[in-house]
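Accompanying notes for the structure given below.
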Amino acid sequence: MIARAALSILLFQFMFVPSFSAQFPTKTDTAPLLWDDKPAVNWMSQAYPMGNGRVGGMVFGGVRHEQIQFNEISLWTGDEHETGAYQAFGDIHVDLHHATDAIPAGYRRELDLSRAVQQISYADGGVAYSRTYFCNHPDNVMVLHYTADKKGSYRATIRFTDAHGATTAANGASLTIAGTLDNGMAYQADLVARIHGGTVTVAADTAGGQLLEIANADGFTLILTAATDYSNKREDGWKGQVPSLTVKKTQEAVRNTSYDALLKRHIQDYQHLFGRVSLYLGNTPATQAERPTRKRLEDYPGGNDPQLESLLFHYGRYLLISASRPGSLPANLQGLWNNSNTPPWRSDYHSNINVQMNYWLAEPTNLSECHLPYLDYIHSLRGVKKEHTQAEYPGVRGWTVRTENNIFGGQSFSWNTPGSAWFMQAVWEHYAFTRDTSYLRDFAYPLIKEIVEFWDDHLKRREDGTVVAPMGWSPEHGPVEDGVSHDQQIVWDLFTNYIEAADILATDGAYRRHIASLRDSLLPPRIGRWGQLQEWETDRDDPNDQHRHVSHLFGLHPGRQFSLLETPRLAEAAKTSLQARGDASTGWSMAWKINFWARLHDGDHAYRILRNFLTLVGNDGVDYDQGGGVYANLLCSHPPFQIDGNLGYVAGISEMLVQSQTGTIEVLSALPDAWSSGRVQGLRARGNFEITDLQWVDGRVTELVITAHSGGTCRIRTPHAVTDGKNTADSFTVETHPGRRYRFALP
Ligand code: FUC
């Protein structure tokens, strides 16, 4: 059934369609929060993260000994040639002079995702103590605020330690650590204490430096600033302002800002992003929802806790907002949280799935601004990558990358020739979702074109007319050879995006035609002897291969070469491959599989993997030892911790509810039986459309409101017929007007 509502302006305000909205809460389901009834002992699995896109912290919440391990996202060793590693920065230790080490009854530490605020509360000796922590983005400070309900209750020792061994210097009520890494990168962090009542004095620490002693205080506030001299501009030698100046200016700027004002500004700024999307997937019984997050995870395998499933969705958005803000670097393998100077895989920018997965959620879950650090990062690498690429592939235009990448263009491990083309998908998608033509013209198009040129020069033309990517490797297994499916599909995606971009900009007509004919000559996807989508040109796929990488299904997700609607045979073959690959895997691999099954419109299978993803790993001796899952602090366990899984999970839920990669907005095409009734508000679709409201009851769409931010043709598909007030159909094509809303409901 196709109804064409061309030029009929369906202003939802004026339409009479029955509304079901009364039965759902309007905002998020409940205050989404993580909490525990005891302090964290383990950094990776228990501490709670916070961050403002530059500075981040992991909070332990100890009673007598508090520890906040902190980072600054640009603190890296290495250079344009050596990859180096992302570094730990330091720790804030707050020793409180409580009588015992015991955890007081009623102790609670929580992370409130609706405000990005952590709170720790307990009573000791008849005094109620409370701590409130947050990382404020507008002022670029971390704020740690301590209060008590009885005056003069605080006696505390504040130690500030450097992960590279610099000694700590005091200046009045502030502590400074500063140093220079082997690669010449300078860094500094200042911790300023504001004391409310009582006294603060400087004393010697055991490492030859200084610390602060607070006595008889009603409360105190610690304000952390941290910086390096990194700049993402190669032409400036990757160096910007000296960190001492950045730190000083940042502290001066907030000197007269009250704690309340810092908190208010933080919440406003954060909610501006976080508050754009709400999600409700069903109710968890209150007695279960109120249990500590760790206990909910323990109970999850046999139970029903849809609000834990949505909590993990909110958490992923929280993590991206905390780790990726405009003007800074993108989220690395651990976001921006890292307590080691030799972290797993260098806590780097891995180009064969991981950094890409970090950003799948950015556009669809309405965090387009948080995408920008990744796009800027890609842009910043061009000069160095061109030189590296020239050395490896003399004579080619454009550039590509190896698998491991740092912030100066340095790289290691094997060449990953389709890596830069995969980056270009993000560069394109930012346009596809926002329809920002000046971005496309000035930023995206020139970048995409230079990667197109790389492939134009690098592709191998065979005598029979087919074109193959030479000597590729399906990450991270199988032979190195020509025509690997992963490479072929990514090049197809790159060329397709390029052709669309050239058409929109009406530019480079002759070159566009050349690339279109090259795309048509690419060795096409093949279906093998057991009905699978072949991973290689040779039909050697092993049906027992359960490798975590599922690279040959790129065309299904995140690509758009295969779909149930347009290429059902290929989609079916992809399904056969996916079935063989199995459900259980490492963290990010499961997240990817949620996305794959969503694209195959199999919501129940996607949901089965989603449930596997919520496996509690390595906590309090309860080590399930079954590969990936999540830790008690909900960080994804590859294992170890990798943030790609957290962020890929969010993208997966988003794909289950709304898809738009084929040019049609498909709602609820992968809804599992488990989420029979629910609501989502604020997701985005390609074409700069917003799913302002989507509600369903018993698996049927009861309310759908789409806002057309840029206007243009909007194609919509629902799993059953809905009405726009005039026509009843399961498929609509609407010529929309910028800024208008279009409403559909059950007939
Ligand atoms: C890819 C994966 C590994 C790991 C690493 C960071 O190379 O194959 O499993 O996630 O990235």
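Report note on the peptides 174-181, 549-556: ranked by the mean count of other C-beta atoms within 10 Å, highest first, their order is 549-556, 174-181.
Here region 651-747 has an Rg and Dmax of 12.2, 36 Å, counting Cα atoms alone. Amide H contacts for THR586 (H built 1.01 Å from N in the peptide plane; partners 5 or more residues away or on another chain; cut-off under 5 Å): GLY628. Carbon-plus-sulfur accessible fraction, the chain (probe radius 1.4 Å, protein heavy atoms only): 49%.
Just the number, please: Stokes-Einstein D of region 485-569 in µm²/s, Kirkwood Rh from C-alpha pairs, 20 °C, 1.002 mPa s. Rounded to a whole number, D works out at 151 µm²/s.
Angle of helix 243-254 to the longest C-alpha principal axis of the chain, folded into 0 to 90 degrees and rounded to 10: 80°. Size descriptors for region 545-600: radius of gyration and Dmax over Cα atoms are 10.4, 31 Å. Along each principal axis, taking the top coordinate minus the bottom one, the Cα set of region 535-690 gives 48, 45, 26 Å in descending order. In the context of the full set of protein chains, residues of the chain present 34 Å² of accessible surface per residue (probe radius 1.4 Å, heavy atoms only). Take the chain and mark each of the trypsin sites (Lys or Arg not before Pro) that is in a DSSP loop with at most 13 other Cβ atoms within 10 Å; the longest unmarked stretch, sites excluded, is 256-461. Take every Cα pair under 8 Å whose residues are at least 6 apart in sequence, average their separation, divide by the length of region 164-303, and the relative contact order is 17 percent.
Computed over the chain, relative contact order equals 14 percent, with contacts defined as Cα pairs under 8 Å that lie 6+ residues apart. Pairs of C-alpha atoms in the chain farther apart than 53 Å represent 11 percent of all such pairs. Rg and Dmax over the alpha-carbon atoms of region 329-381 stand at 11.6, 34 Å. When the listed pairs LYS239/LYS385; LYS239/LYS386; LYS249/LYS385; LYS151/LYS249 are checked against a 23 Å cut-off, the alpha-carbon distance exceeds it for LYS249/LYS385; LYS151/LYS249.
Computed from Cα positions, the angle between helix 509-521 and the longest principal axis of the chain comes to roughly 80 degrees.
I need the shape label for region 366-521. Rule: rounded when a/c is under 1.5, else prolate if a/b > b/c, else oblate, with a, b, c from the alpha carbon gyration tensor. Here region 366-521 falls in the oblate category. Peptides 279-286, 687-694, 356-363 ranked from most to least packed, by the mean per-residue count of other Cβ atoms within 10 Å: 356-363, 687-694, 279-286. Taking a ≥ b ≥ c as the square roots of the Cα gyration tensor eigenvalues, with a/c under 1.5 meaning rounded and otherwise prolate when a/b beats b/c, else oblate, which class fits region 148-281? Note, shape of region 148-281 comes out oblate. Take the Cα radius of gyration of region 101-159 and divide it by 2.2 N^0.38 Å, N being the number of residues; the result is 1.26.
The fraction of Cα-Cα pairs per 10 angstrom bin, counted from 0 for region 325-416, comes to 16, 45, 31, 8, 0 percent, rounded to whole percents. Toward the positive end of the charge dipole of the chain, with +1 on the Cβ of Lys and Arg and -1 on the Cβ of Asp and Glu, the farthest Cα among ALA501, ALA204, ALA745 is that of ALA745. Relative to the dominant Cα principal axis of the chain, helix 445-458 is inclined by about 60°.
The values are calculated or read from the model by the stated rules, or taken from the named source; none is laboratory data. Just so it is clear, the structure is predicted and the values come from calculations on it, not from any experiment. A quick note on method: Cβ atoms are made from the backbone with ideal geometry, for glycine too, and the neighbour counts reach across all protein chains shown. Ligands, DNA and RNA are excluded from the accessible area calculation, which covers all protein heavy atoms including side chains. Shrake-Rupley method; radii C 1.70, N 1.55, O 1.52, S 1.80 Å.
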